[in-house]
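K.L.:
One structure coming up, written as structure tokens, with questions to follow.
The values are calculated or read from the model by the stated rules, or taken from the named source; none is laboratory data. Treat the numbers as computed from the prediction; the structure is a model and nothing was measured. Cβ atoms come from the backbone with ideal geometry, glycine included; neighbour counts cover every protein chain shown.
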Amino acid sequence: MQGQRIEKVQYFTLDYQNMDHVLPRMISDSLEWSDPSWRYDCFDCFDFYLQIDTEDQRSFTVGWDPPSESAGLWLREGASHGVPFGSVAVWDVTASPRWAPLLGLVVSAVECRYRTDVELPGWHNELLTLTIDHQRVFVFLGDVASDQSQEPSANSLMVMSDPAELPDWMSN
């Protein structure tokens, strides 16, 4: 992904509006866009994948593996096929306030931060930082608490960008 220019960004999440389909559903309804399930003031939070397509027609997908020897985040070249666990909604977030300022800019760095876990063997990727023209985008496992704050999670992706600060539990 490093050296590539961002052209399109998509989030893959559970389809909370319609759980009765097996193929991914592209979200285009203005009513759904008026209050998307993943959008919060300082971060985005969604269930499955983040896909970034580049101007060179390459796709990169960020996702997560459940607690196991391969738990944590992964980054792979290739597009998601959108059928991870059932009914999936695909949100084209390219024009969203978080991503629109980064379109056409070069990804200058991709950094992974690993940790060890006493309960799971091996090293696990807990944070992916993309640097795009001096702007940082953080991708990590997190969820939304009942008070709308951030909390650790093993099965949801959280995306934040500068000037937002990582939550305390991610700052170590």
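K.L.:
Out of the residues in the stretch 1-21 that are in a loop (DSSP other than H, G, I, E, B) and among the hydrophobic types (A, V, I, L, M, F, W, C), state the one that is farthest from the chain's Cα centre (by Cα).
P.N.:
Going through the qualifying residues, I end up with MET19.
K.L.:
With respect to ASP15, is the statement that it is charged (D, E, K, R) and exposed (fewer than 13 other Cβ atoms within 10 Å of the Cβ) true?
P.N.:
It is false that ASP15 is charged (D, E, K, R) and exposed (fewer than 13 other Cβ atoms within 10 Å of the Cβ).
K.L.:
So, PRO84, is that one part of a loop (DSSP other than H, G, I, E, B) and either at pLDDT 90 or above or surrounded by fewer than 20 Cβ atoms within 10 Å (Cβ to Cβ) (or both) or not?
P.N.:
Considered against the rule, which asks whether it is part of a loop (DSSP other than H, G, I, E, B) and either at pLDDT 90 or above or surrounded by fewer than 20 Cβ atoms within 10 Å (Cβ to Cβ) (or both), PRO84 comes out as yes.
K.L.:
Okay, moving on. Would you call SER28 in contact with an Asp or Glu (Cβ under 7 Å, 6 or more places away or on another chain) and among the small types (Gly, Ala, Ser)?
P.N.:
So SER28 does not fit the description; no.
K.L.:
So, ASP53, is that one under 16 Å from ASP15 (Cβ atoms), at pLDDT 95 or above and either in contact with a strand residue (DSSP E or B) (Cβ under 6 Å, 6 or more places away or on another chain) or surrounded by 14 or more Cβ atoms within 10 Å (Cβ to Cβ) (or both) or not?
P.N.:
So ASP53 does not fit the description; no.
K.L.:
Quick one: count up the residues across the stretch 92-109 that are at pLDDT below 95 and in a strand (DSSP E or B).
P.N.:
Residues meeting the conditions: 0.
K.L.:
Within the stretch 4-18, which residues are out of contact with any Lys or Arg (no Cβ under 7 Å at 6 or more places or on another chain) and not aliphatic (A, V, I, L, M)?
P.N.:
Answer for the stretch 4-18, where residues must be out of contact with any Lys or Arg (no Cβ under 7 Å at 6 or more places or on another chain) and not aliphatic (A, V, I, L, M): ARG5, GLU7, LYS8, GLN10, TYR11, PHE12, THR13, TYR16, GLN17.
K.L.:
Closer than 22 Å to PRO101 by Cβ and touching a Ser or Thr at 6+ places or on another chain (Cβ under 9 Å), is that true of PRO24?
P.N.:
no
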